[in-house]
Amino acid sequence: MTTQVFKTDTPAQSYINSVFEQLKLKNAHQPEFLQAVEEIFLSLIPVFEQHPEYIQHNILSRIVEPDRIVSFRVTWVDDQNQVQVNRGYRVQFNNVVGPYKGGLRFHPTVNESIMKFLAFEQIFKNSLTGLPIGGGKGGSDFNPKGKSNAEIMRFCQSFMTELYRHIGPDVDVPAGDIGVGGREIGYLFGQYKRIRGAHEAGVLTGKLPGYGGSLVRKEATGYGLVYFVEEMLRDNNQSFLNKKVVVSGSGNVAIYAIEKAQHLGAKVVACSDSNGYIYDPDGIDVKVVKEIKEVKGERIKTYVDYRTNATYTEDFLGIWSIPCDIALPCATQNEINGDAARTLVSNGVKIVAEGANMPSNLEAINVFLENGVLFGPAKAANAGGVATSALEMAQNSGRNYWSFNKVDEKLHEIMRSIYIESKEAAQKYGTPGNLVVGSNIAGFVKVANGMISEGVY
């Protein structure tokens, strides 16, 4: 992190720089959060130059401070009857557009900085969907890997025993994220109902279909990512047909991005997990990946037991050395650095779109933009998951259950609208084609205008 990120030639630049410098002093120990804020702020200079009222209302100083952060102890008993202690979080960042909305992440890397970065990004991502949802995020440093169903149930029950008092259908609606799928959401919802004594279906999204959940939710982020790239391609008179694609990760986002890209005619040749990556020159067999990850819960390296032409390589970051037309990082934050970006560029990548949250660092993003690579930032490209969560909220509110095709059509239209809105904002504020700037501005302006309209509180 540099000490002086922004020039100070104009009042807008001076204001943005001042707010960021103050934020760094307050949050010096939170690099992920500062990285997310820096990326947003760099995009907003032209907005503040055209809208001095945002400076007058001190929007930036207000928007970078969460409404509240809840941190709590989670105590549970493992199968050996040993008491275990984890830490839980819920960051309720901004609810100007609607109730706080964002996933719960169960992973050993979870800390306050990561929760704040994810919640901050969620504000603008949710704003971009056009749906009435604000930004929040939560989770725990609990690791569900290797735990029995009974241990996960007991942890979830303990976690919800504290969390329930801070959430509600019109207050804060958590969903799943890394380490939190339909099983965990089910345990969390069961405990919420038990405590509240009411079936408030809209309090959590990501529930299993048939039990208040929406169809397409599992597929939504991956499908939405591909729909977004489809719009990028269409705008450049291209399609997925015969494109060579590399997808990092092998969770829900990656699996369903692979599935949809292949459906549209692409050849996906690689995917990964946190240990390493597989390369299949004949094209990834997504049915095998589903069998390995969704049914057996095994590591991706076992893919080579099913496909003899495939190879497995330790070190998952090496996946970005594989030449491709389209790269879809769907694993984790900061998985593409400047060197990886330069390798992708030298190997001829034409499009990079983010399925994970902040998988490309600032240096990598600059490399892509400077070399004319079409770049789809996470807050726009991976918004399909939260968009479908909001559609689940709508179904719960109306006691409805929509068909797969109906939800998928709505998802497709939302992703198309996000692309168009981001493109138009980039054009309006002097950076045509830069979807990083466009999506940041489009999401920010809605929230900033809402904050002004509601006054200071």
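Overview of values
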item: Matching strands (runs of 3 or more DSSP E) fully within segment 185-282 where at least 2 residues are among the hydroxyl-bearing types (Ser, Thr, Tyr) and farther than 25 Å from residue 138 by Cβ; result: 276-279
item: Helices (runs of 4 or more DSSP H) within segment 339-457 that include 3 or more residues in the same structural domain as residue 236 (by TED's automatic domain parsing) and surrounded by 20 or more Cβ atoms within 10 Å (Cβ to Cβ); result: 362-370
item: Among the candidates 344, 435, residue that is in contact (Cβ under 8 Å) with a residue 40 or more places away in the chain and either in contact with a helix residue (DSSP H, G or I) (Cβ under 7 Å, 6 or more places away or on another chain) or of a type in the set (Lys, Arg) (or both); result: 435
item: Within segment 416-432, tally of residues that are of a type outside the set (S, T, N, Q), touching a residue at least 40 places away in the same chain (Cβ under 8 Å), within 15 Å of residue 228 (Cβ to Cβ) and out of contact with any strand residue (DSSP E or B) (no Cβ under 9 Å at 6 or more places or on another chain); result: 5
item: Residue ID - farthest from residue 359 (Cα to Cα), chosen from residues in segment 11-65 that are in contact with a helix residue (DSSP H, G or I) (Cβ under 8 Å, 6 or more places away or on another chain) and among the acidic types (Asp, Glu); result: 53
item: First in segment 127-146 and of a type in the set (Val, Ile, Thr), second anywhere and part of a loop (DSSP other than H, G, I, E, B), Cβ under 8 Å, 6 or more apart; result: 129/383; 133/97; 133/98; 133/99
item: Residue 343 vs. criteria under 17 Å from the mean Cα position of the chain (by Cα) and over 22 Å from residue 444 (Cβ atoms); result: no
item: Residue match in segment 225-245 (condition: charged (D, E, K, R), surrounded by fewer than 24 Cβ atoms within 10 Å (Cβ to Cβ) and within 23 Å of the chain's Cα centre (by Cα)); result: yes
item: Scan of segment 60-119 for residues that are under 19 Å from the mean Cα position of the chain (by Cα), within 30 Å of residue 448 (Cα to Cα) and of a type in the set (Ser, Thr, Tyr), ordered by number; result: 89, 100, 113
item: Criterion (on the phi > 0 side of the Ramachandran plot and surrounded by fewer than 24 Cβ atoms within 10 Å (Cβ to Cβ)) met by exactly one of 190, 146, 202, 186; result: 146
item: Whichever residue in segment 315-338 is buried (at least 22 other Cβ atoms within 10 Å of the Cβ) and aliphatic (A, V, I, L, M) and, among such residues, is nearest to residue 35 (Cα to Cα); result: 336
item: Considering residues of segment 280-296 that are acidic (Asp, Glu) and either surrounded by fewer than 17 Cβ atoms within 10 Å (Cβ to Cβ) or at pLDDT below 95 (or both) only, the residue farthest from residue 223 (Cα to Cα); result: 282
item: Scope segment 397-413; condition within 16 Å of residue 175 (Cβ to Cβ) and at pLDDT 95 or above; matching residues; result: 407, 411
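Condition check ((1) assigned by TED's automatic domain parsing to the domain that holds residue 16; (2) within 15 Å of residue 118 (Cβ to Cβ); (3) modelled with pLDDT under 95; (4) of a type in the set (A, V, I, L, M)) across all residues:
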{"position": "35", "(1), (2), (3), (4)": "yes, yes, yes, no"}
{"position": "54", "(1), (2), (3), (4)": "yes, no, no, no"}
{"position": "59", "(1), (2), (3), (4)": "yes, no, no, yes"}
{"position": "72", "(1), (2), (3), (4)": "no, no, no, no"}
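Condition check ((1) crowded, with 24+ Cβ neighbours inside 10 Å; (2) assigned by TED's automatic domain parsing to the domain that holds residue 357; (3) under 18 Å from residue 356 (Cβ atoms)) across all residues:
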{"position": "79", "(1), (2), (3)": "no, no, no"}
{"position": "85", "(1), (2), (3)": "no, no, no"}
{"position": "100", "(1), (2), (3)": "yes, no, no"}
{"position": "155", "(1), (2), (3)": "yes, no, no"}
{"position": "159", "(1), (2), (3)": "yes, no, no"}
{"position": "171", "(1), (2), (3)": "no, no, no"}
{"position": "179", "(1), (2), (3)": "no, no, yes"}
{"position": "182", "(1), (2), (3)": "no, no, no"}
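The values are calculated or read from the model by the stated rules, or taken from the named source; none is laboratory data. These figures come from a predicted structure and were not determined experimentally. All Cβ positions, even for glycine, are placed from backbone atoms using ideal geometry, and neighbour counts span all protein chains on display.
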